[in-house]
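K.L.:
Before I ask anything, let me first share the structure, which is written out below as structure tokens.
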Amino acid sequence: MSDMEEDVVLSDVEGDEETHQEGVGEDDKVKVCHLTQETISQGLSLLCRTGNGLGHAFVKLDLKDNGLNDIAAISNYIHIRFLDVSNNHLTDLSPLASLTQLLWLKVDNNTVACFKGQPFTQLTYLQWLSVAGNQLTDMDGLVGPSLESLNLTGNSIQRVNGLQGGCFANLVTLELRGNHLDTTDGINLPNLQRLYLAQNVIKRLEGLERLKCLTTLHLRDNQLDTLEGLSPNMKCLQYLNVRGNAILDRNAIKSLGRVSKTLRALVLSDNPLVETTDYRLSVLVLLPQLERLDKDSFSPEERTEALERIEELKEEEIPGP
């Protein structure tokens, strides 16, 4: 059978097998289905040459919103490169291991709690992965040597384990919003450029000195009361958002002086610190290169006042005769 026939010719099968969750009332029953060839045929698109150039196959498969709790039938479709199985009832992703040509995978809003079977060890070409809105508590079994973007938003991850450069050498964007992290420690990704950690319970900034290429750090709605932990090694940082934390002490602003002079946008709103007198001036004096604070650009008058204040501070530092 040719490559095209392997993915296009579909055998006759029985209709979807329906099951119901046990232990729920009659009105709360949820329809769940095993994946069938018929469902696959309806989701296939994008006919392309196969990797060896000797045939053609459909390389895109859309299976979202099908009530699926089993995708075992997908194993034979080895040429799939783009796959969406979001909004189903999946707990087991092990059948994905045979899809070694995958480049793009979306598994949002399922009930995946772990990566049993470690299917991702076989997906060496995968570049974009989203497992948002599942039930993950850790990242054991997740690797991605070619991954550039990883989205784990809306899970229950408490610790970030295994995020080492060797396993994720090409990762540039990492989203961990809405988890249960209480520290930034464990992210050892020197090539990472964008890190989104909003809506966790982060109390400590740790391990950031490893993120030398980071340009964007988003920490909105956490539990930080200090900015201690920002590192001078973060020489590329341009955008920092710590809105909605518990930062009160004016000394917290001084920690910003440790970040690189490349910082251009800073969001500190919805922190108690913002209510203090001369808040904007204090920040601009410390970071004169800053272009926006709390999404508002600095006025010429503010910049003039800040320059005058900087000169006054320099004069105060000059010892008398």
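Bear in mind these aren't lab numbers, they're just calculated from the coordinates by the rules spelled out. Predicted model only: the values in this text are computed from it and were never measured. Backbone-built Cβ (ideal geometry, glycine too); neighbour counts: all protein chains shown.
K.L.:
Compute the FRET efficiency between Gln223 and Ala265 as 1/(1 + (r/R0)^6), taking r as their Cβ-Cβ distance and R0 = 25 Å, and round to the nearest 0.05. Please report the intermediate quantities before stating the final value.
P.N.:
Working: r = 23 Å, r/R0 = 0.90.
It comes out at approximately 0.65.
K.L.:
Could you tell me the relative contact order of the chain? Use alpha-carbon pairs under 8 Å, at least six residues apart, and round to a whole percent.
P.N.:
On the way: 784 pairs, mean separation 23.3, N = 321.
It rounds to 7 percent for the chain.
K.L.:
Sorted by mean Cβ packing within 10 Å, highest first, what order do the peptides 78-86, 287-295 take? List each step's numbers first, then the result.
P.N.:
On the way: 78-86: 21.4, 287-295: 15.0.
Taking the mean over residues of other Cβ atoms within 10 Å, the ranking is 78-86, 287-295.
K.L.:
For the modelled label position 7 Å from the Cα of Leu313 along Cα-to-Cβ, which residues of the range 226-264 have backbone nitrogen atoms closer than 15 Å?
P.N.:
Of the residues in the range 226-264, 250-261 have backbone N under 15 Å from the label point off Leu313.
K.L.:
Work out how much length Gln42 to Trp104 would gain on full extension: take 0.36 nm times their residue separation and subtract the Cα-Cα distance, in nm to one decimal.
P.N.:
Difference between extended and current length: 20.4 nm.
K.L.:
Under 29 Å between alpha carbons: how many lysine pairs meet that in the range 61-212, if sequence neighbours fewer than 8 apart on the same chain are excluded?
P.N.:
Values: Lys64/Lys106; Lys64/Lys116; Lys106/Lys116; Lys106/Lys212; Lys203/Lys212.
Pairs that pass both the separation and distance tests number 5.
K.L.:
OK, next. Per DSSP H run of at least 4 residues, take -39500 (n - 2.57); add these up for the chain, divide by its residues and hand me the 222 nm value, nearest 500 deg cm²/dmol.
P.N.:
Working: 5 runs with 44 residues, N = 321.
Result for the chain, helices only: -4000 deg cm²/dmol.
K.L.:
Would you mind getting me the FRET efficiency between Asn191 and Thr111? Use the beta-carbon distance for r and R0 = 35 Å, nearest 0.05.
P.N.:
0.65
K.L.:
Between Asp65 and Glu148, what FRET efficiency follows from the Cβ-Cβ distance if R0 is 35 Å, with the result rounded to 0.05? Don't skip to the answer; put the middle values down first.
P.N.:
On the way: r = 27 Å, r/R0 = 0.76.
FRET efficiency, Asp65 to Glu148: 0.85.
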